[in-house]
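Okay, structure first, notes after.
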Amino acid sequence: MRFACRSALRGLAVLSFAACSIANAATAVEYEVRAFDGGPAWFVYDEPVDVALHVLNPGDPKCHELGEIVLLFENRDQLRDDALIETAALTGMNHYAELCRSLGANPSNQRKVAGIIVGNGAPDAQGRVMGDARVLDAMVSSFTGAYQLRIRRNTVAAGGADDAAAAIIADRDARLAAAKAEREAADRARANERAAEIAEIRATYNAALAESVAQAQPAGLIGRVTGGDRAALTGVWSASQSDCANESVILFERDGAGTVEWWRASNQDVGLLPWRTGRWELRDGTVIMSFNHRVEYDRFRQDLQSGVINETVQFDLKDVDGSELRLAATSGGFSPEALFLGGAEKLFVRCRD
């Protein structure tokens, strides 16, 4: 059975209309077709507030391809009438359900609803209502058997006139701008606070590093002759001269006991920190390091982490002279010593001042 198509649509600026017919329809339902250049169309029903169904393929419509319901308001005052909006939306839902059933399909239990003021806004080339043209955004749904309308946005519901709506928008924009400025100020304050903390950390540990380096000056020839390998071990050692700026092991004497400090740059901003510190001794060709404290910078927490530890490693002293130190992991297979060295054996060079 054919669907009757009327020749004119009240209150709608018509782009183009076409005759319409759906086979096997149970009843005649009047609507007009508004076609868009992009291919989709609106099926427009004459109501107190005209109702349109967005149809993706008007030549061969299918229920699952039907889009949102569009309410065509004649003026902004209609948007202040909650009962009128609800009636129009539920009427659109009924038209959608009837069209789906006429196509031999079951309608969805919910559908989006858009609103447009004819003459003050226009859909795009695909018949979609977007941006400022969309003055109403709602949803019709039914989970209990009866349709209900939930309005998400109504551009004039909160105001008595256009200037009131503009005032609301201006107030919203001002509050958003103030909130953004507050966030930016808080971010700057946090950045300044972090910079101050880092500057304090660097000042503290740079001074401590300089003191340790000063105490680890290499023994002269006579000192090495009289002090043997233990005296020769005193100094600042690293994998290479270029690595001295990022990681070094400092061995020196303090209060008559060997002191070891393993410095690492765990963060580019913070610089070198005493990753491991403790005591060292040379016993029968074995260098024993007993670490009892650690200091690290947590990049996720962005703060300094320090505390007591109990770690002991020992290395076979292969060779040491005025410029080079060679250590090897002690025998016994895989061991913590190998982790410290990054392998079974490692050559260190003395860092230049």
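Please work out if N57 is open to solvent by 20 Å² or more (accessible area, probe 1.4 Å), assigned to a loop (DSSP other than H, G, I, E, B), at pLDDT 90 or above and in the same structural domain as G121 (by the TED database). Yes; evaluated as a whole, the condition is true for this residue.
Being outside any strand (DSSP E or B), open to solvent by less than 70 Å² (accessible area, probe 1.4 Å) and within 23 Å of Q217 (Cα to Cα): is that true of G322 here? Yes; evaluated as a whole, the condition is true for this residue. If you go through region 256-310 and keep only what is within 42 Å of the chain's Cα centre (by Cα), under 25 Å from D229 (Cα atoms) and outside any strand (DSSP E or B), you end up with nothing.
Inspection of region 138-161 identifies no residue that is outside the structural domain of R80 (by the TED database) and more than 23 Å from D77 (Cα to Cα).
The one condition from (1) open to solvent by 60 Å² or more (accessible area, probe 1.4 Å); (2) in contact with a helix residue (DSSP H, G or I) (Cβ under 7 Å, 6 or more places away or on another chain) that L273 does not meet is (1). Only a single criterion out of (1) under 25 Å from A210 (Cβ atoms); (2) open to solvent by 70 Å² or more (accessible area, probe 1.4 Å); (3) basic (K, R); (4) free of Cβ contacts under 8 Å to residues at least 40 places away in the same chain is not satisfied by R294, namely (2). The residue that is surrounded by the most Cβ atoms within 10 Å (Cβ to Cβ), counting only those in region 247-270 that are aliphatic (A, V, I, L, M) and modelled with pLDDT of 90 or more, is V249. Each residue in region 209-228 was checked for being modelled with pLDDT of 85 or more and open to solvent by 40 Å² or more (accessible area, probe 1.4 Å), and 6 of them qualify. Of the listed requirements (1) open to solvent by less than 70 Å² (accessible area, probe 1.4 Å); (2) in a loop (DSSP other than H, G, I, E, B); (3) aromatic (F, W, Y), F315 misses just one: (2).
The values are calculated or read from the model by the stated rules, or taken from the named source; none is laboratory data. This structure is a prediction, so every number in the text was calculated from the model and none was measured. Methodologically, a virtual Cβ is constructed for each residue, glycine included, from the backbone with ideal geometry; neighbour enumeration extends over all protein chains shown. Surface accessibility is based on the protein's heavy atoms, side chains included, excluding ligands, DNA and RNA. Shrake-Rupley method; radii C 1.70, N 1.55, O 1.52, S 1.80 Å.
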